[in-house]
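Comments concern the structure below.
Values quoted throughout were computed directly from the atomic coordinates according to the rules given, and no laboratory measurement underlies them. All values reported here derive from a predicted model rather than from experimental measurement. In this analysis, Cβ positions are derived from the backbone assuming ideal geometry, glycine residues included, and neighbour counts consider all displayed protein chains.
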Amino acid sequence: MADLKVTQVKSTIGSKPKARGTMRALGLRGIGQSNVLPDRPEIQGMLRKVSHLITIEEQAAEKKPAKAKATEKNDATKESSATESSAEEADES
């Protein structure tokens, strides 16, 4: 799915309050300001309502690097705590 770069090109002065609210919800507060938004149906609807105030450019979605699995981290933590507890038991004996 692609991302959309939205840029405000006209002022919201004189616009209806709903249009001003939509612009704020899109993260646009002034002429020339841009925001990159996901291409989802709810965003598309908002863009349609204020299309007379903005320009839209499509951008390729950036792939985020895969995160390390949490289970691998948890296993390493469990092993280190298990060796610590067995060492403590040996000291107590």
Show the residues, 5+ positions off or on another chain, whose built amide H is closer than 5 Å to the amide H of L4.
L37, D39, Q59
Applying the Karplus parametrisation 6.51 cos²θ - 1.76 cosθ + 1.60 with θ = phi - 60° to the phi angles of the stretch 5-13, what ³J(HN,Hα) value in whole Hz is obtained for each residue in order, glycine and proline being reported as x?
9, 10, 10, 7, 10, 10, 6, 8, 4
Kindly put K18, K49 in sequence by how many other C-beta atoms sit within 10 Å of each C-beta, fewest to most.
K18, K49
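With a ≥ b ≥ c taken as the square roots of the eigenvalues of the C-alpha gyration tensor of the stretch 1-51, please select rounded if a/c is under 1.5 and otherwise prolate if a/b is larger than b/c or oblate if it is not? It would help to have the intermediate numbers written out before the result.
Values: a/c = 2.48, a/b = 1.48, b/c = 1.68.
In terms of gyration-tensor shape, oblate.
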By counting other Cβ atoms within 10 Å of each Cβ, how are S51, S15, S34 ranked from fewest to most?
S51, S34, S15
